[in-house]
1. Keeping to the stretch A:308-334, report how many residues are part of a loop (DSSP other than H, G, I, E, B) and either in contact with a helix residue (DSSP H, G or I) (Cβ under 8 Å, 6 or more places away or on another chain) or within 23 Å of A:HIS182 (Cβ to Cβ) (or both).
2. What's the total number of residues in the stretch A:190-222 that are within 11 Å of the ligand (Cβ to nearest atom) and either within 14 Å of chain B (Cβ to nearest Cβ) or of a type outside the set (Gly, Ala, Ser) (or both)?
3. With respect to the numbered conditions (1) aliphatic (A, V, I, L, M); (2) away from the ligand (no atom under 14 Å from the Cβ); (3) not in a helix (DSSP H, G or I), which one is the sole condition not fulfilled by A:ALA125?
4. Within 13 Å of the ligand (Cβ to nearest atom), within 30 Å of A:PRO157 (Cα to Cα) and more than 14 Å from chain B (Cβ to nearest Cβ) - does that describe any residue in the stretch A:342-356?
5. Select, from A:GLY88, A:GLY116, A:GLY43, A:GLY70, the only residue that is touching an Asp or Glu at 6+ places or on another chain (Cβ under 6 Å) and within 16 Å of the ligand (Cβ to nearest atom).
6. Would you say B:SER72 is free of Cβ contacts under 8 Å to residues at least 12 places away in the same chain, of a type in the set (S, T, N, Q) and more than 9 Å from every other protein chain (Cβ to nearest Cβ)?
7. Within the stretch B:15-51, work out how many residues are facing chain A (nearest Cβ under 9 Å), over 16 Å from the mean Cα position of the chain (by Cα), of a type in the set (A, V, I, L, M, F, W, C) and surrounded by 14 or more Cβ atoms within 10 Å (Cβ to Cβ).
8. Applying the selection to the stretch A:256-285, what residues are surrounded by fewer than 22 Cβ atoms within 10 Å (Cβ to Cβ) and under 30 Å from A:THR395 (Cβ atoms)?
Amino acid sequence: MPLGLLKYGRGSDYPFERQPDLPGPRELKKHYDVVIIGGGGHGVATAYYLAKYHGITNVAVLEKAYLGGGNTARNTAVIRSNYLTPEGVRFYSASVKLYENLANEFDFNIMYSQRGQLTLAHTDATVRAFRQRAEVNKHFGGRTEMIDRQSIAELVPCLNLDPAQLPVLAGLWHQDGATARHDAVAWGYARGATQRGVELHQLTEVTGIESAAGQVTGVVTNRGKIACGTVIQAVAGHSAVMSQKAGFPLPIVAYPLQAMVTLPVKPFLNPLVSSSALHCYVQQTSRGEIVIGGGSDPYPLYNSRASLPLKESLIASAVDMFPFLSEMRLLRQWAGITDMTADYSPIMGLSPLKNYYLDAGWGTWGFKATPICGKTMAELVASGGEVPTLIQPFTLERFDHFQQVNEMGATAASH
Amino acid sequence: MKIMQCPLNGPRNISEFVYGGQVEPMPDPQQCSDKDWASYVFYDNNAIGIVREWWQHAPSSYWFIAERHNASDDILRTYDPGELFSERVDFTTGENEP
Ligand SMILES: Cc1cc2nc3c(=O)[nH]c(=O)nc-3n(C[C@H](O)[C@H](O)[C@H](O)COP(=O)(O)OP(=O)(O)OC[C@H]3O[C@@H](n4cnc5c(N)ncnc54)[C@H](O)[C@@H]3O)c2cc1C
């Protein structure tokens, strides 16, 4: 046993210096080299990699509310790479790799838990689509395979294999599937970034973007104006509202996405389980709560209210999959405003303004991408606008050329 | 329960309706550029405010237009498309023409 631990056990003092994880509020400077709009996971991750790999530290992250209080705080924390397109799988696999080492890198526990994700197929068409996903994923180094009913029953003994007259035919078993504590991810990045000199300004809302001759010159905030060299917008649900302040539209529609958790019970469910036909997924957190999530609201709305019809349909599907859940009590329910694109892929990279970069269109699937987004967006900024190969397929221009990266089938039911 | 006023069937539960996208003028598919068509297909008016949308009352297959605030979710007015469209809008790509 380390001597320090022994001494700690005998002493009455806390052995470490009590330094706060984040520095307190301070005045805004007149100028920053880089301004990042949005202090969610994506914004602080970008700041972290800018400081860590590129030595760019004159950076301000501006957050209108508090750190990681947007969709970063609202997601169901599914991390996976079993997408459909080679572009998508390559990108999300790179993120999974970064996640695997993130707690070590931060020296901060993000409670990364690789429990595997199981998606159920109830029709022949879905079985075919799953085969393709398994092959593409394997090709890019992911651990994904098709499994039959018997293996599913062994993996999740309490699962009803014949829910709602839709017998389970097969499953897509993704061993790399994981969850992480979302707040810890945001805090780990924010701590690492601010320790290296980045400024995080909470309660600082960007209300306008100033530009001249196709280039951004500064941002207007509720705390005054700031001049800046480069701007990144990473505001998730409000992506289209922000781009309009910069003077251009985005092909994004805001839809609420709802989720809920039950009271905690003893652990019974290790893998994350999702049904493609019921549009519902169920997982147990490390605290024992059962998380229930599913498809988006049926029509667009900039409002994070929760609604009764969505709760009813999600709970009905969850009870079909795990009938004994009908005995459970709900603890919380909530919604986030998600920035949906037509092809269920993000919009990353250049914008019509020269030094204004986009990290948007994260819809219902962007938590898992937090590390790789931060890393590639930082490369984009540091190189002065050279788009990293990994994110080139996600350019805004793809819509003008009808070159979408269609991930709808691999995203709509499980995020 | 949220209620929507159907111009044909009166007040009904919102779950009986299907959202059908925003009402936008369609550019002529044979004349317009790819960019114009992309703009029509992918770019909505996504500012926060009142939007004009297509909705269908599913049980009766009746399409109509609603004006709705996309943040408060207040439905301000619903009406028959006849108020905006006096003739049928046909869609041709030109591919099947002689
Ligand atoms: C219910 C739900 C479940 C989900 N489940 C999953 C999942 O299982 N797996 C997965 O990968 N993804 C999931 N997602 C999606 C994921 O949460 C998001 O894509 C991701 O968190 C986006 O991160 P972000 O940092 O870009 O956005 P956010 O965390 O939303 O951060 C954006 C920030 O910008 C701030 N902001 C907005 N406007 C301004 C302004 N004018 N000035 C300054 N700041 C501003 C906001 O306050 C916010 O804090 C889910 C989402 C929801 C809602």
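No lab work stands behind these numbers, since they all come straight from the coordinates. As the structure is a prediction and not an experimental result, all values here were calculated from the model. With ideal geometry, Cβ positions are generated from the backbone for all residues, glycine too; neighbour counts draw on all protein chains shown.
1. Initial filter on the stretch A:308-334 (part of a loop (DSSP other than H, G, I, E, B)): A:322, A:328-329.
Then keep just the ones that are either in contact with a helix residue (DSSP H, G or I) (Cβ under 8 Å, 6 or more places away or on another chain) or within 23 Å of A:HIS182 (Cβ to Cβ) (or both); that gives A:328.
The number of residues fulfilling the criteria is 1.
2. Total satisfying the criteria: 12.
3. Condition (3) is where A:ALA125 drops out.
4. Start the filter on the stretch A:342-356 by keeping residues that are within 13 Å of the ligand (Cβ to nearest atom), which leaves A:344-348.
Applying the additional criterion that residues be within 30 Å of A:PRO157 (Cα to Cα) yields none.
For the stretch A:342-356, residues within 13 Å of the ligand (Cβ to nearest atom), within 30 Å of A:PRO157 (Cα to Cα) and more than 14 Å from chain B (Cβ to nearest Cβ): absent.
5. So the residue among A:GLY88, A:GLY116, A:GLY43, A:GLY70 that is touching an Asp or Glu at 6+ places or on another chain (Cβ under 6 Å) and within 16 Å of the ligand (Cβ to nearest atom) is A:GLY88.
6. Numbers: free of Cβ contacts under 8 Å to residues at least 12 places away in the same chain: yes; of a type in the set (S, T, N, Q): yes; more than 9 Å from every other protein chain (Cβ to nearest Cβ): no.
No.
7. So the count comes out to 3.
8. Within the stretch A:256-285, A:HIS279 is the sole residue that qualifies.
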